[in-house]
1. Report, as an integer, the average count of C-beta atoms from other chains found within 10 Å of each Cβ along B:50-63.
2. First measure r as the distance between the Cβ atoms of A:Glu217 and A:Ser255, then evaluate 1/(1 + (r/R0)^6) with R0 = 25 Å and state the FRET efficiency to the nearest 0.05.
3. With each label point set 7 Å from Cα along the Cα-Cβ vector, what nm distance links A:Asp53 and A:Ala68?
4. If one puts a single equal scatterer on every Cα of the stretch B:2-64 and applies the Debye formula without solvent, what log₁₀ I(q)/I(0) results at q = 0.17, 0.18, 0.24 Å⁻¹?
5. Modelling each spin label as a point 7 Å along the Cα-to-Cβ direction, I'd like the A:Thr77/A:His110 distance in nm, to one decimal.
6. Filter the DSSP H helices in chain A by two things, a Kyte-Doolittle mean of at least 0.0 and an axial alpha-carbon span of 27 angstrom or more, and list the hits by number.
7. Please sort by residue number the trypsin sites (Lys or Arg not before Pro) in the stretch A:14-102 whose DSSP state is loop and whose Cβ has at most 10 other Cβ atoms within 10 Å.
8. Can you pull the mean other chain C-beta count within 10 Å for peptide A:201-207?
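Taken together, the values in this text are just the output of simple stated rules run on the coordinates, not laboratory data. Small disclaimer: the values here were computed from a predicted structure and weren't measured. A quick note on method: Cβ atoms are made from the backbone with ideal geometry, for glycine too, and the neighbour counts reach across all protein chains shown.
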Amino acid sequence: MGIDLSHADRFLVWVEDFFRGFGGDPEGQQAMADALQGIRAYWVDALEERRRDAVPREGDIASYLLGAKYDDERPLTDDELLDMLTVLVLAGLDTTRAQLGYMFRHLALHPEHRRQLIDEPELVPSAVEEVLRFYTMIFGDGRKVTRDVEFHGAGLKKGDMVYGLVSAANRDPRVYDRANEFVIDRKKNNHFGFASGPHRCLGMHLARREMQIAVEEWLRVIPDFRLATHEVIMERGGGAMTAPLDMPLEWEVAS
Amino acid sequence: MKVFIDPDECTGHGRCYRLAPDLLTYDDEGYVAIRGQPIDVPADQVEFAEEAEGTCPEGAISLIRED
């Protein structure tokens with residue numbers, strides 16, 4: 001996306017500090033505020049560096065956004081640019097890692113699914129979709145009501161904010177056969193793991209690809225593994241998301 | 001049978017053309033390439049068209065059955 005890979009370590013710390021802040025303790029909230037400040041300051045500098053460019057830099061999202069127009073009418077404001085770049089960092093780094101955690105926990109607990117993916121690698125894409133449906137880590141999301149409407153008896157006014165619990169929709173028995181089962185080759189899988197509408201996940205194609213490659217490469221080298229703990233896996237989260245704090249795995253090494 | 005992609009609803013999830021690669025293709029931005037006009041479904045693609053319809057989170061895909 002146009003930033004120096006050697007800066008990645010800084011982003012990882014910021015993102016971890018940010019999401020741990022959802023826990024609510026004052027110390028965590030201070031770290032969260034500092035992380036947010038760090039990310040924004042990084043982008044302030046990056047934007048400043050790119051403003052002077054005569055042409056946009058190839059493959060560089062900040063550079064591209066500097067030249068972008070809102071509804072073809074006006075350039076983006078500095079606040080909009082910073083918000084977008086900051087959300088991109090927060091949304092891009094933590095989500096895939098969390099979703100991978102749930103995927104590997106599932107595979108650690110289900111040898112029959114590991115075996116199936118090794119024998120039939122063409123099932124990997126549908127397995128990834130089913131992970132997103134069954135273990136939806138962004139489990140809810142807000143949307144703004146665009147017109148007055150009555151929804152299942154509830155009157156909603158234009159401008160109201162509503163909260164959609166997408167993880168419940170993803171297990172709606174009216175929509176899915178065997179809704180509470182992990183069906184590895186499920187085809188008609190219109191889940192909301194990446195939400196829907198104009199604000200659906202911008203990074204979903206990358207996220208899917210990352211998950212598919214992760215599971216393929218992992219199973220090629222480590223076909224059998226298990227959870228390395230009998231303790232409950234602790235999760236952190238807020239009003240919209242959940243992520244395992246860690247996912248200890250173990251396997252036999254052939255000598 | 002024909003399949004129709006609503007151009008106002010498609011946001012480019014890409015699940016339909018993964019399930020039905022011989023029926024639906026995509027443009028450079030990830031949307032279904034042909035939107036807003038019915039696409040003929042060959043007999044051997046009916047099953048895939050039905051899967052594509054069922055996999056769209058936007059409800060952008062409809063099937064037109066001719067009897």
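1. On the way: counts 2, 3, 2, 2, 5, 8, 3, 12, 5, 2, 1, 1, 0, 0.
Per residue, the number of nearby Cβ atoms from other chains is 3 on average.
2. Working: r = 23 Å, r/R0 = 0.91.
Computed FRET efficiency for A:Glu217 and A:Ser255 comes out at 0.65.
3. For A:Asp53 paired with A:Ala68, the spin-label model returns 1.4 nm.
4. Ignoring solvent entirely, the Cα scatterers give -0.45, -0.50, -0.95.
5. Placing both labels 7 Å along Cα→Cβ, they lie 4.7 nm apart.
6. Values: long enough: A:26-51 (37 Å, -0.73); A:78-109 (47 Å, 0.54).
Flagged H segments are A:78-109.
7. On the way: sites: A:Arg20, A:Arg40, A:Arg50, A:Arg51, A:Arg52, A:Arg57, A:Lys69, A:Arg97; in loops: A:Arg52, A:Arg57.
Counting only loop positions with at most 10 other Cβ atoms within 10 Å, the trypsin sites (Lys or Arg not before Pro) in the stretch A:14-102 are A:Arg52.
8. Working: counts 2, 0, 0, 6, 4, 0, 0.
That works out to 2 on average.
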